[in-house]
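Participant: Below is one structure. I have some questions about it.
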Amino acid sequence: MTFAMTRTARTYYLVYSLYSLSWSFIGPMYALFLLSRGLDLFEMSVVPAIYWIVSFLFEVPTGAFADLAGRKTSFLLSCVIRMIAFGLYAYADTFAAFAVAEFIDALGSTLASGALDAWAVDGMRGEGDARPMERFFARAQMLSRTAIIAGGLAGGYLAQRDMTLPWLAAAGAFAVTGLVAIVYMREVRPRAGDPRVRPSLLHTVRDGLLAVRRAPVLLLLCGLTLAVTFATMPAQMYWQPRMTALTGEGAWLMGWIWALLNLATIAGSAVISPLLGRFGRETVLGAVVLWRGVMLAGAALATGFMPALTGILLMEMGFGVSEPLLQAWMNEHIAPEQRATVLSVRAMCFTLGGGTGLVCIGLVARGLGIPRRGCCRRRCSR
């Protein structure tokens with residue numbers, strides 16, 4: 001079937017891929033960077049937990065801001081704020097400095113989390129594209145993951161040279177993303193007399209939360225997001241020191257593992273259409289959640305490098321299937337004027353699950369988990 005892309009779809013693919021590329025420079029070395037700056041495993045878990053918890057607090061207010069002030073405006077602010085945060089992170093060397101940088105980055109991230117998807121869906125609907133959105137989000141996932149692979153590989157080799165370089169590269173990439181968005185993102189704002197511009201920020205937040213509460217399917221999808229993220233976010237944080245402990249290698253190898261993880265996600269997104277052609281959406285989503293749990297358990301129990309890596313890769317393949325399904329399903333049940341706000345409710349559940357999962361696993365890791373080895377500092381920083 002031919003997929004005729006609208007102008008909004010093309011712009012979304014470009015901007016979303018650049019935005020993903022921007023943060024991906026630090027993906028393969030983030031945990032190793034924190035360890036190299038003297039943090040222990042518990043502190044290494046608390047620092048990103050600050051990001052997730054702050055995101056939880058700001059997700060819905062910033063989504064409401066996007067609905068009121070404009071999705072493009074919100075996204076541009078995200079690029080600027082995250083550029084500043086990554087620049088600060090490059091030179092942070094204390095727990096307090098990391099906490100400040102995480103707070104700033106979390107605020108910037110929430111400004112984009114619901115705004116960009118809402119901008120794309122409403123723009124495409126305005127251009128007459130009424131098709132289901134699963135394939136659109138699956139294609140976006142595949143394109144962005146390709147950019148993430150490139151950024152991660154580059155970040156791994158940059159980190160092998162100097163741990164600050166991936167952060168500076170990411171800050172520059174956010175600046176480029178913002179400039180591209182200024183040029184190519186088009187948004188038709190409501191007229192001054194349109195009632196959509198009348199509600200206050202507080203009322204918009206309240207209406208968005210009520211919209212989720214009144215729709216059982218939205219409540220279910222948000223609850224599922226929270227539970228799955230609680231279970232899987234610790235694995236996203238700890239795979240780097242785990243692989244370093246199993247192999248004795250530094251950030252360069254983490255860059256290649258990062259590439260494999262994202263290729264697994266692309267493979268998952270690529271099979272969405274065949275799966276939906278044979279099974280219902282509910283069946284696919286339930287099977288994928290079970291699949292990810294089994295693969296995570298396998299990776300946790302593995303004692304060798306290849307079995308552990310295989311488990312993590314297969315778990316990530318499941319994410320490539322589930323995320324586009326959840327995105328499309330959410331968007332089908334949201335009114336256009338509330339889209340960014342309601343999408344931010346799901347993002348809030350994502351961040352709450354991730355933050356609490358990291359704090360819990362950090363407490364476990366401090367006493368029972370991966371030993372903090374000096375090789376992280378020696379091999380990964382100069």
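Participant: Check off (1) more than 20 Å from the chain's Cα centre (by Cα); (2) free of Cβ contacts under 8 Å to residues at least 24 places away in the same chain for A101 and give me the number that stays unchecked.
Facilitator: (1)
Participant: Let me ask something else about it. When residues of the range 301-322 are filtered for being open to solvent by 30 Å² or more (accessible area, probe 1.4 Å) and in contact (Cβ under 8 Å) with a residue 24 or more places away in the chain, how many remain? Let's see the steps before the verdict.
Facilitator: In the first step, residues of the range 301-322 are kept if they are open to solvent by 30 Å² or more (accessible area, probe 1.4 Å); the result is 301, 303, 305-307, 310, 313-314, 317, 319.
Filter again for in contact (Cβ under 8 Å) with a residue 24 or more places away in the chain, leaving 305, 313-314, 317, 319.
Matching residues across the range 301-322 total 5.
Participant: Determine which single condition G87 fails, assuming it passes every other condition in (1) within 28 Å of M44 (Cα to Cα); (2) within 19 Å of the chain's Cα centre (by Cα); (3) small (G, A, S).
Facilitator: (2)
Participant: Out of Y13, Y51, report the one residue that is closer than 25 Å to F95 by Cβ and of a type in the set (S, T, Y).
Facilitator: Working: Y13 fails: closer than 25 Å to F95 by Cβ.
After applying the criteria, what remains is Y51.
Participant: Out of curiosity, is F279 among the aromatic types (F, W, Y) and more than 28 Å from S17 (Cα to Cα)?
Facilitator: Values: among the aromatic types (F, W, Y): yes; more than 28 Å from S17 (Cα to Cα): yes.
Considered against the rule, which asks whether it is among the aromatic types (F, W, Y) and more than 28 Å from S17 (Cα to Cα), F279 comes out as yes.
Participant: Does the range 57-99 hold any residues that are surrounded by fewer than 22 Cβ atoms within 10 Å (Cβ to Cβ), of a type in the set (S, T, Y) and within 29 Å of L209 (Cα to Cα), and which are they?
Facilitator: Of everything in the range 57-99, just one residue is surrounded by fewer than 22 Cβ atoms within 10 Å (Cβ to Cβ), of a type in the set (S, T, Y) and within 29 Å of L209 (Cα to Cα), namely T73.
Participant: Based on what the data block shows, is R191 open to solvent by 60 Å² or more (accessible area, probe 1.4 Å), at pLDDT below 90 and part of a helix (DSSP H, G or I)? Give the derivation first.
Facilitator: Numbers: open to solvent by 60 Å² or more (accessible area, probe 1.4 Å): yes; at pLDDT below 90: yes; part of a helix (DSSP H, G or I): no.
No; evaluated as a whole, the condition is false for this residue.
Participant: Might you let me know whether the range 278-300 holds any residue that is farther than 29 Å from L201 by Cα, among the acidic types (D, E) and under 18 Å from the mean Cα position of the chain (by Cα)? Show your work before the answer.
Facilitator: Filtering the range 278-300 for residues farther than 29 Å from L201 by Cα gives 278-300.
Going one step further and asking which of them are among the acidic types (D, E), we end up with 282.
With under 18 Å from the mean Cα position of the chain (by Cα) added as a condition, the list becomes none.
Looking for residues that are farther than 29 Å from L201 by Cα, among the acidic types (D, E) and under 18 Å from the mean Cα position of the chain (by Cα), one finds none in the range 278-300, hence no.
Participant: Does the range 5-17 contain any residue that is within 25 Å of C360 (Cα to Cα) and among the charged types (D, E, K, R)? Walk me through how you get there before you give the answer.
Facilitator: Step one: list which residues in the range 5-17 are within 25 Å of C360 (Cα to Cα), which gives none.
Within the range 5-17 (the criterion being within 25 Å of C360 (Cα to Cα) and among the charged types (D, E, K, R)), the answer is no, since none of the residues qualifies.
Participant: Looking at the range 254-299 only, could you name the residues that are charged (D, E, K, R) and open to solvent by 40 Å² or more (accessible area, probe 1.4 Å)? I'd like the intermediate steps shown before the answer.
Facilitator: Taking the range 254-299 and keeping what is charged (D, E, K, R), we get 278, 281-282, 292.
R278, R281, E282, listed by residue number.
Participant: Can L107 be described as open to solvent by 10 Å² or more (accessible area, probe 1.4 Å) and within 22 Å of T341 (Cβ to Cβ)? I'd like the intermediate steps shown before the answer.
Facilitator: Details: open to solvent by 10 Å² or more (accessible area, probe 1.4 Å): yes; within 22 Å of T341 (Cβ to Cβ): yes.
So L107 passes the test.
Participant: Taking the stated definitions as given, is R125 touching a Pro at 6+ places or on another chain (Cβ under 8 Å) and either surrounded by fewer than 24 Cβ atoms within 10 Å (Cβ to Cβ) or more than 25 Å from V345 (Cβ to Cβ) (or both)? Walk me through how you get there before you give the answer.
Facilitator: On the way: touching a Pro at 6+ places or on another chain (Cβ under 8 Å): yes; either surrounded by fewer than 24 Cβ atoms within 10 Å (Cβ to Cβ) or more than 25 Å from V345 (Cβ to Cβ) (or both): yes.
Answer is yes for this residue.
Participant: When you go through A140, A170, A118 one by one, which is the residue that is closer than 30 Å to G38 by Cα, in contact (Cβ under 8 Å) with a residue 24 or more places away in the chain and open to solvent by less than 20 Å² (accessible area, probe 1.4 Å)? Let's see the steps before the verdict.
Facilitator: Working: A140 fails: closer than 30 Å to G38 by Cα; A118 fails: closer than 30 Å to G38 by Cα.
Step by step, each of A140, A170, A118 is checked, and only A170 is closer than 30 Å to G38 by Cα, in contact (Cβ under 8 Å) with a residue 24 or more places away in the chain and open to solvent by less than 20 Å² (accessible area, probe 1.4 Å).
The values are calculated or read from the model by the stated rules, or taken from the named source; none is laboratory data. Everything quoted here is computed from the prediction, not taken from an experiment. Because the Cβ atoms are built from the backbone with ideal geometry, glycine has one as well, and the counts that use them run over all protein chains shown. Surface areas here come from the heavy atoms of the whole protein model, side chains and all, with no ligands, DNA or RNA. Shrake-Rupley method; radii C 1.70, N 1.55, O 1.52, S 1.80 Å.
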